Amino acid sequence: MEEIRGEKEDRNSEAVKGGRGNDGGIFASCSFADLGLHSSLCEHLKDKMGFQVPTQIQAQAIPVILSGRDVLVNAATGTGKTIVYLAPIIHLLQMRNPRVQRSDGTLALVLVPTRELCMQVYEILQKLLRRFIWIVPGYIMGGENRAKEKARLRKGISVLIATPGRLLDHLKNTSSFIYTNIQWIVYDEADRILELGYGKAIEEILDFLGSRHGSTFEQKNKMIKPSKISKQNLLLSATLNDKVNHLANISLQSPVMIGLDDKKVSLITRCSSVKQLSSLDSHSDEGSEQLSTLPSQSLENYNLPAQLIQRYLKVPCGSRLALLLSILKSIFRKAGSQKVWY
């Protein structure tokens, strides 16, 4: 299966022409300024990044995030979910007086499942911050030089993109990492984070940051003092299942649910009523029995974005490589940047 899409998720022909969204489309009939974002950020999104109008999910989520509420966003790939959380975080950071400084340490943390997504989010973040040079972006991820990451953390990173394993490593072993001022924690592609087995790591990270909710945890961990700084938690996931629901229950406080239909909202509510859930990596027998009655399988069926093009070809086994090279050559001859999954 081959999937081809442009570099910017929302920069398709309709958006570039500045057309407004219509019924059933992915674009909203409003501007970024209408959502409450700073005029400089709106101009930058439009003039430098090519985002003429927000998508439906952006229009729904950004005002809620700006209000300070925890948010659970059910959004598929290609709906502009990266801008959903980066834009309001940057808006709030650039409005600070006095300005954000490196010595403040990390103020916003974005957790992602893979190295590839880590770099993708970091690249978008870099572009968004070109007008706000005093806000420092950075990333840490498995496979990178740990000593160099430690040096960057020592200098100070305002908005940090991280994979769970490497973040937990630095939380435990890098004393110069200032994480006590974190105000935003984002779980991007939370379903994939948990699918890759990072459930235990996420729970430990929540413990370090003092951002874990739930009476069971508080009773068993009376020695851990709650964080003095109020944190806003944002969870984004393309699918909803038992583990994602459990993560939402222990990390989000009275979240606003965006992009969920009535069935999914009902599922979240019913999962919240299950008193004792075990770790994100495995449920107890009792908890599993109760959750097994919920219609979680139906939540795996979600629509692919309309602008995501999918193609496939049946070819003799020996011709696969030659055909792949030919397709790649044809794609990269076209104008504009392209990303290809094969």
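Mind listing just one residue for me: the one in the stretch 184-202 that is more than 15 Å from residue 72 (Cα to Cα) and outside any helix (DSSP H, G or I) and, of those, farthest from the chain's Cα centre (by Cα)?
197
Could you list, in sequence order, all residues of the stretch 112-127 that are closer than 20 Å to residue 234 by Cα and in contact with a strand residue (DSSP E or B) (Cβ under 6 Å, 6 or more places away or on another chain)?
Selection gives 118, 121, 122, 125.
Only one residue in 210, 105, 214 is surrounded by fewer than 22 Cβ atoms within 10 Å (Cβ to Cβ), small (Gly, Ala, Ser), on the phi > 0 side of the Ramachandran plot and at pLDDT 95 or above, so which one is that?
Numbers: 210 fails: at pLDDT 95 or above; 214 fails: at pLDDT 95 or above.
After applying the criteria, what remains is 105.
I'm trying to understand the selection: among the residues of the stretch 49-103, which are in contact with a strand residue (DSSP E or B) (Cβ under 9 Å, 6 or more places away or on another chain) and among the charged types (D, E, K, R)?
Within the stretch 49-103, 69, 70, 81 qualify.
Restricting the stretch 135-160 to residues that are within 11 Å of residue 125 (Cβ to Cβ) and of a type outside the set (Val, Ile, Thr), which is surrounded by the most Cβ atoms within 10 Å (Cβ to Cβ)?
160
Can you tell me which residue is farthest from residue 184 (Cα to Cα) among those in the stretch 135-157 that are part of a loop (DSSP other than H, G, I, E, B) and touching a strand residue (DSSP E or B) at 6+ places or on another chain (Cβ under 7 Å)?
To start, the set of residues in the stretch 135-157 that are part of a loop (DSSP other than H, G, I, E, B) comprises 135-136, 141-145, 156-157.
Those still in the list that are touching a strand residue (DSSP E or B) at 6+ places or on another chain (Cβ under 7 Å) too: 135, 141, 157.
Numbers: 135: 15, 141: 19, 157: 14 Å.
Only one residue tops the list, namely 141.
State which residue pairs qualify: first residue free of Cβ contacts under 8 Å to residues at least 60 places away in the same chain and within 15 Å of residue 119 (Cβ to Cβ) and inside the stretch 150-171, second residue of a type outside the set (Ser, Thr, Tyr) and part of a helix (DSSP H, G or I) in any location, beta carbons under 6 Å apart, and separation of 6 or more residues or different chains.
Close Cβ pairs satisfying both conditions: 161/118; 161/121; 163/118.
Tell me, which helices (runs of 4 or more DSSP H) lie completely within the stretch 46-134 with 1 or more residues that are touching a residue at least 40 places away in the same chain (Cβ under 8 Å), of a type outside the set (A, V, I, L, M, F, W, C) and closer than 17 Å to residue 191 by Cβ? Quick ask: steps written out before the conclusion?
Details: elements: 56-66, 81-94, 115-128.
Per the criteria, 81-94.
In the stretch 179-200, how many are on the phi > 0 side of the Ramachandran plot and either surrounded by 20 or more Cβ atoms within 10 Å (Cβ to Cβ) or of a type in the set (Asp, Glu) (or both)? Spell out the reasoning first.
Residues of the stretch 179-200 on the phi > 0 side of the Ramachandran plot: 189, 197.
This time we only want the ones that are either surrounded by 20 or more Cβ atoms within 10 Å (Cβ to Cβ) or of a type in the set (Asp, Glu) (or both), so: 189.
Of the residues in the stretch 179-200, 1 are on the phi > 0 side of the Ramachandran plot and either surrounded by 20 or more Cβ atoms within 10 Å (Cβ to Cβ) or of a type in the set (Asp, Glu) (or both).
Determine whether the stretch 173-181 contains at least one residue that is at pLDDT 95 or above and part of a helix (DSSP H, G or I).
Yes; the residues of the stretch 173-181 include at least one that is at pLDDT 95 or above and part of a helix (DSSP H, G or I).
Which residue, of 3, 9, 14, is closer than 24 Å to residue 189 by Cα, among the acidic types (Asp, Glu), at pLDDT below 90 and outside any strand (DSSP E or B)?
Values: 3 fails: outside any strand (DSSP E or B); 14 fails: closer than 24 Å to residue 189 by Cα.
Criteria check complete, one pass: 9.
The values are calculated or read from the model by the stated rules, or taken from the named source; none is laboratory data. All values reported here derive from a predicted model rather than from experimental measurement. A quick note on method: Cβ atoms are made from the backbone with ideal geometry, for glycine too, and the neighbour counts reach across all protein chains shown.
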